[in-house]
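Step one of this worksheet: look at the structure below.
The values are calculated or read from the model by the stated rules, or taken from the named source; none is laboratory data. Keep in mind it's a predicted model, so treat the numbers as computed, not measured. Here the Cβ positions follow ideal geometry from the backbone for every residue, glycine too, while neighbour counts run over all protein chains shown. With ligands, DNA and RNA removed, areas are computed over all heavy atoms of the protein, side chains included. Shrake-Rupley method; radii C 1.70, N 1.55, O 1.52, S 1.80 Å.
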Amino acid sequence: MTVFWNKSAETMPSNELKELQGKKLSALAKFVYENIQFYKKKFDEMGLKPDDIKTADDITKLPLTYKDDLRDHYPFKMLAVPMDDIVRVHASSGTTGKPTVVSYTRKDIDDWTELMARTVMAPGITHKDIIQNAYGYGLFTGGLGFHYGAEKVGATVIPISGGNTDRQLMIMQDFESTVLTCTPSYALFIAEYAKKEGIDVSKLALKKAICGAEPWTDDLRKTIEKNMQIDAYDIYGLSEIYGPGVSVECEEKDGMHIWEDFFIVETLDKETLEPVGPGEEGVLAFTTLEKEGLPLIRYITNDVTILSAEKCNCGRTHIRMKKVTGRRDDMLIVRGINVFPSQIEHALMQIPGVSGHYQIIVDRDILDSLEVKVELTPDTFSDKMSELEKFSNDIETKIFNILQVRAKVELVTPGTIPRSMGKSQRVIDKRTKNI
Amino acid sequence: MIKQISIFLPNHPGTLAKLTKLFMENAINMRALTVSETADYGILKIIVDRTEDAANILDKNQYLTAITHVIAVEVEDKPGALHQIAKMLGDNGVNIDYLYSTIVKEAAVIVLRVSDNEEAVKILRENNVKLLDQKDF
């Protein structure tokens, strides 16, 4: 039997949902115009009045918002409320050395918790479950997002955070966890590790996993399900739009429901950024209908996918998105963490003597690996191994400090990184089979 | 003091052969050598008979190189010989970064890369240790 956290909201007839969106959008236009200088200026430049926005269809009249806009207003310059009203801050990767910062009011946290409660229950998880939350706790939204939602539902939460697989498996066995939440590659890693340690997964109490924070295929789902003997569900979110809980798969495992009473979602043409219809591939853009701290209008996620407005067997009326199939920009997701090549360049340029020629190689052997090849120069080369090791260690530390992802640095001979048109080929992603 | 050439070499099959072929074709004789290695790369350190020529050839062939001054001392071929050298440098606060051995004119020779060449030479001379010259190679 299908379980719901908020059945009336989740099964609201589409016409009512659209009417509700229209009302909220109209109020939002007024709210951002009056409270965020950035949007007031945009509206004024376009000759747009908040009163022009009356229905959900008026969304296309509104300006787009880009990740760079958040960078330009780092860290708190785009808030719609005074800092006193902010109760929480999260952050994700930015395109340079500075992170993308998201601020939440009390209401924002409550709303996010509501969305996460729906998200936890959509795959059939209830207050009876014991949830082992292996998403990272901290500035990353994954850990705390799940934590609040799972508690709200009344489930038992084990806030174990990521890593330390021996401990994950001990707790999974001893506490009889029924649900695992983590990245899909970590779920696969845990399964492999259990096998290696001689743990019989069929004896575990584990029934389900909610996996997200990185793209994964249906093939990978089948592998995880087989190796762990569970059902695995996809979840989508981004910190700019609260975090996890923007959308999730129900028990049908056929696309992720986007909570449309909280968001207006659009797919836009990758080149022109003009709206495309459901069924057509495009870039996801979200408008937040309830956010107070950092409301965003038509925020370009750069995630590419397809929307489906078809009726779902679970009874939820909210539109579904397919798995994310690509990116409009050069962002990489490594071990669930967003990585921009420009961040790596930023880190490299802070180390004296690093040449402009480097290459980023991402691969996956269950877990993702990040390798950065850096060309030595006559100035950085030394006959002393200790100095070369210090040089590569310094680079690795700097990259970790900026990315929060470990990279392996390989020093190479000058001129050996392939150049095309005088510039190095910067990024090689060998993981295509899993994306 | 002796000029040593250090060469950066990626750690994969055939790298050394390519380099030794270059030396063979140019009649460069390697008189002393050592390699330190990591998983990804190695540093080949050599003393050759024609340092300038070798450096030019390497440069022309796009090798990454560094020239460093090292010290070469002749030691007796018997237990405790190296100990004496190591102790006199250590007692005087000179650090040995690395060392390797070779044979020059049938004598055992230790090549030393130290933290302070001048100080090391001074100490070794005071203790009547035989120091080799570039022309000895």
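Things worth noting here:
- Residue check for A:G293: in a loop (DSSP other than H, G, I, E, B), touching a Phe, Trp or Tyr at 6+ places or on another chain (Cβ under 6 Å) and not acidic (D, E): yes
- Some residue of the stretch A:55-65 being under 19 Å from the mean Cα position of the chain (by Cα) and either of a type outside the set (S, T, Y) or buried (at least 16 other Cβ atoms within 10 Å of the Cβ) (or both): yes
- Candidates A:G245, A:G198, filtered to the one that is in a loop (DSSP other than H, G, I, E, B) and in the same structural domain as A:G136 (by TED's automatic domain parsing): A:G198
- For first residues located in the stretch A:398-417 and more than 14 Å from chain B (Cβ to nearest Cβ), partners that are at pLDDT below 95 and part of a strand (DSSP E or B) and lie 6+ apart or on another chain with Cβ distances below 7 Å form the pairs A:L403/A:I337; A:L403/A:V339; A:Q404/A:I337; A:V405/A:V334; A:V405/A:I337; A:V405/A:V339.
- The stretch A:96-120: number of residues that are open to solvent by less than 20 Å² (accessible area, probe 1.4 Å) and either at pLDDT below 95 or closer than 24 Å to A:D329 by Cα (or both): 2
- The stretch B:48-85, subset β-branched (V, I, T) and away from chain A (no Cβ under 12 Å), residue nearest to B:L33 (Cα to Cα): B:V48
- Subset of the stretch B:114-130 [part of a loop (DSSP other than H, G, I, E, B), in contact (Cβ under 8 Å) with a residue 12 or more places away in the chain and either surrounded by fewer than 16 Cβ atoms within 10 Å (Cβ to Cβ) or not assigned by TED's automatic domain parsing to the domain that holds B:K87 (or both)]: B:S115, B:D116, B:N127, B:K130
- Qualifying positions in the stretch A:1-28 - within 17 Å of A:E290 (Cβ to Cβ) and polar (S, T, N, Q): A:N6, A:S8, A:Q21, A:S26
- Filtered by the rule that a residue be in contact with a helix residue (DSSP H, G or I) (Cβ under 8 Å, 6 or more places away or on another chain) and buried (at least 21 other Cβ atoms within 10 Å of the Cβ), the stretch A:336-347 gives A:G336, A:V339, A:Q343, A:I344, A:A347.
- Any chance A:Y135 is aromatic (F, W, Y), touching a residue at least 12 places away in the same chain (Cβ under 8 Å) and either more than 21 Å from A:V246 (Cα to Cα) or in contact with a Lys or Arg (Cβ under 9 Å, 6 or more places away or on another chain) (or both): no
- Within the stretch B:17-36, considering residues that are within 14 Å of chain A (Cβ to nearest Cβ) and not in a strand (DSSP E or B), the one surrounded by the most Cβ atoms within 10 Å (Cβ to Cβ): B:L19
- Contact map, the stretch B:32-51: residues that are of a type in the set (S, T, Y) paired with residues that are not in a strand (DSSP E or B), Cβ distance under 6 Å, separation 6+ or inter-chain. Pairs shown: B:S36/A:M385; B:Y41/B:N11.
- Scanning the stretch B:38-54 for any residue that is among the small types (G, A, S), closer than 24 Å to B:L9 by Cα, open to solvent by less than 20 Å² (accessible area, probe 1.4 Å) and in contact with a strand residue (DSSP E or B) (Cβ under 9 Å, 6 or more places away or on another chain) turns up at least one such residue.
Listed here are the residues, each with its yes/no results for (1) under 23 Å from B:T65 (Cα atoms); (2) more than 10 Å from chain B (Cβ to nearest Cβ).
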{"position": "A:Q350", "(1), (2)": "no, yes"}
{"position": "A:H357", "(1), (2)": "yes, yes"}
{"position": "A:I361", "(1), (2)": "no, yes"}
{"position": "A:D365", "(1), (2)": "no, yes"}
{"position": "A:D383", "(1), (2)": "yes, no"}
